[in-house]
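Encoded as structure tokens, the structure appears first; notes follow it.
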Amino acid sequence: MKAHLYLIISSFRRMQENPRQHFLAIFTITICFFLVGSGLMGFYQIKRSLNQMKHLQWVYVYIDTPLDQHQQSNFINQHCAKKWVDLCRYVSAEKAKKLFLGQYPDMKSSLQALGENPFPVSFEIRLAENLDDRDQLQDWLNQLKKINGVSEVDDGGQWLSQWIDLILFLDAMTYVLMILVGIMILGLVSNTIRLLMFSKKDEIGILQLVGATPSMIRTPLLLNAALYGLLGSMLALVFLYIGYLRLNHYISTNFSALLSHSFMFMSVFDQVLLVLIAIAVSVVGAWFSVERYLASKDIS
Amino acid sequence: MIQFYQVNKSYGEGHEVFHAIDLHIDRGEFVFLTGKSGSGKTTLMKMIFCQERPNTGQIVIDGRNVARMTRTNIAFLRRTIGVVFQDFKLINSLNVFENIAITLKVLGLPKTDIQQKVTRTLSRVGLERFSKAFPLELSGGEQQRVAIARALVNDPKILLADEPTGNLDPSLSIEILELFQNIHIRGTTILMATHEKSLVERANVRELHIDAGRIVDVEKI
Ligand SMILES: Nc1ncnc2c1ncn2[C@@H]1O[C@H](COP(=O)(O)OP(=O)(O)OP(=O)(O)O)[C@@H](O)[C@H]1O
Ligand SMILES: [Mg+2]
């Protein structure tokens, strides 16, 4: 264990010997993660906008006969206590009429001519933002339709489910992007480590000849790669944040009318996750080339 | 300590260096290895510390068959063997002290032990003042002595020295030989390849001679 420590310390102390190589490795990772970060934030932003538009979507459940207080709260407890329901309210015929007249005051005389109140009783349900299970939603809508006394459920037709599909597609794209970049970084880091090993080939050979075990050779190199991942991704986050501040500033000064909400930066959780992924991918990449090197020199 | 059974070794197609050699070196022996250039002295040593594998035959070092060793076990075996390489194999980016210390660092010895052992070994080969120097700042003979120090610093069970006096003048050669003899007295098995007839005669120990892929004991009167 102590031997590992010596080799690790000496390998880190001597990183200054070929700084260009190390900077190059770190910067390539930075660029990759900057791209990935921008992509993720862009997707996230689009998704958020889409969700907000979905938030404007209402589902109307029309009822045959008026409900008393008890029946109303029964319905709400049974059908609206779902995570995808943001708001659920009972609209009596009277209230519907009032709302209608509030919007179209000149229709008052025509309504009075009808005598009877033509408006049906309904529940107005506003959907929440965090709605992503289409099947669950569909089940719920079907259930609503089957309730005794419900005459019609207006869910905006195909619109809602297509909306959810779009969001799911964006999610899938996010994963594809992550995987593609992951593979890219795997290749890059494994190549960089191979170069590093090549530049230290003689030294590694000598270490092996004086009795360094494979794990003593491997550990410093893997830690080196981990450091690449850590520094590279943190640098990427710094650049992302700077870019984000500039973009936000630009938008709020030039397009404030167009966009009601400002862009959001990644959550701390996402940032940590990004750094951890960068480290993991770098270490795996390094592992590949170290193992290949050690195997190629079966006995050195 | 070192046993070869019917070992064949060739590089690539057709270039046979050893043909069915048998070799037995006992624990605590001091053996010279002679033979003309290209006869296979270095190759024999490489097979002993597992840098090269034989094509056929068995090699047993300190009671263990090297053919069945894992990479990690080979590393452990090498820690008991001190090697003075013909081409020194020093790390140019490390100074003399650090070059010698890697043998001990690989073992994970405490810092104070390392300091003490390296300093002592440096003085044994007469290089105290070069402790902070880098290999490329040293003469060939000085580099060679660094290589010797690195092989000795860990008090190995076996010392393989591949022409350790090749770059030294006669008086220094004799000093190194006396150093080896001192180590030998303390129980280390030594195999030393050399071209210098005078050293062989002076030491008056067992001499193995490689000739045309065979290895023979030179009869002493
Ligand atoms: N890695 C190698 N690949 C191919 N041939 C090799 C290799 N190493 C050595 N040889 C050949 O094997 C033969 C023995 O080489 P070796 O280095 O063992 O000789 P040596 O006795 O140590 O010579 P010297 O006294 O010059 O050091 C030589 O003919 C050499 O050309
Ligand atoms: Mg040789």
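The values are calculated or read from the model by the stated rules, or taken from the named source; none is laboratory data. The structure displayed is predicted, hence computed values, not measured ones. Don't worry about glycine lacking a Cβ; one is built from the backbone with ideal geometry, like all the others, and counts go over all protein chains shown. These accessible areas exclude ligands, DNA and RNA; they are computed on the full protein's heavy atoms, side chains included. Shrake-Rupley method; radii C 1.70, N 1.55, O 1.52, S 1.80 Å.
Observations
- Binning the C-alpha pair distances of segment B:65-137 at 5 Å intervals from 0 yields a P(r) profile of 3, 14, 21, 24, 19, 10, 6, 3, 0 %, listed from the shortest bin outward.
- Interface A:B - total buried accessible surface [probe 1.4 Å, Å², rounded to 100]: 2200
- Local electrostatic count, A:L222, Cβ distance below 15 Å [Lys/Arg +1, Asp/Glu -1]: +3
- Threshold 50 Å², segment B:69-91 residues less accessible with all protein chains present than alone (1.4 Å probe): B:R71, B:R78, B:I91
- Straight-line reach from B:K111: taking Cα to Cα under 18 Å and skipping same-chain neighbours fewer than 8 places apart, the lysines in range are A:K2, B:K132.
- Whole-Hz Karplus values for segment B:170-185 come out as x, 5, 5, 4, 5, 4, 5, 4, 5, 4, 5, 5, 4, 5, 4, 4 Hz, taken residue by residue from phi with 6.51 cos²θ - 1.76 cosθ + 1.60 and θ = phi - 60°; glycine and proline positions read x.
- Sequence-distant lysines (8 or more away, or on other chains) whose Cα lies within less than 29 Å of B:K197: B:K9, B:K36, B:K41, B:K46, B:K89, B:K157, B:K220
- All Cα-Cα distances of segment B:168-218, cut into 10 Å bins from zero to the largest, leave 21, 52, 25, 2 percent in each bin in turn.
- Chain A - accessible surface per residue (Å², probe 1.4 Å): 56
- Mean projection area, nm², convex hull over Cα of chain A: 24.0
- Equivalent-ellipsoid semi-axes for chain B (Cα gyration tensor, √(5λ), whole Å, largest first): 28, 21, 16.
- Convex hull volume of the C-alpha atoms in segment A:106-249, normalised per residue: 193 Å³.
- When you restrict to C-alpha pairs under 8 Å that are six or more residues apart and normalise by the size of segment A:55-159, the relative contact order lands at 49 percent.
- Loop-resident trypsin sites (Lys or Arg not before Pro) (DSSP state other than H, G, I, E or B) in segment B:115-199 with no more than 11 further Cβ atoms inside 10 Å of their Cβ: B:K132, B:R186.
- Among B:91-101, A:193-203, sorting by the average number of other beta carbon atoms lying within 10 angstrom of each residue, highest first, gives B:91-101, A:193-203.
- Mean Cα-pair separation over length for segment B:50-148, i.e. relative contact order, pairs under 8 Å, 6 or more apart, %: 31
- Averaging 1/r over every pair of different alpha carbons in segment A:55-159 and inverting the result gives a Kirkwood radius of 14.9 Å.
- Span-rule helices in chain A, defined as complete DSSP H runs reaching 27 Å or more along the axis (Cα) with Kyte mean at least 1.0: A:158-199, A:268-296
- Surrounding net charge for B:R27, when Lys and Arg each add one and Asp and Glu each subtract one, Cβ distance under 15 Å: 0
- Most tightly packed first, judged by the mean number of other beta-carbon atoms within 10 Å of their residues, the peptides B:35-47, A:94-106, A:216-228, B:207-219 read A:216-228, B:35-47, B:207-219, A:94-106.
- Computed over protein heavy atoms with a 1.4 Å probe, the carbon and sulfur contribution to the accessible area of segment A:55-159 reaches 48%.
- Working note: 222 nm ellipticity from helices only, DSSP H runs with n ≥ 4, each -39,500 (n - 2.57), summed and divided by the residues of the protein assembly as shown, gives -18500 deg cm²/dmol to the nearest 500.
- Inverse of mean 1/r across different Cα pairs in segment A:135-219, Kirkwood, Å: 18.6
- Just checking the listed ones, B:E175, B:E29, B:E16: in the Gaussian network model of chain B with Cα springs under 10 Å, the one fluctuating most is B:E16.
- A:I179-A:D135 FRET efficiency (beta carbon distance; Förster radius 25 Å; 0.05 resolution): 0.50
- Cα convex hull volume per residue for the protein assembly as shown (Å³): 229
- Length-normalised contact order for chain B - Cα pairs under 8 Å, 6+ apart - percent: 29
- Note on A:1-13: average number of Cβ atoms from other chains within 10 Å of each residue's Cβ is 3.
- B:E201 sits with roughly 130 Å² accessible to a 1.4 Å probe, with DNA, RNA and ligands left out of the calculation.
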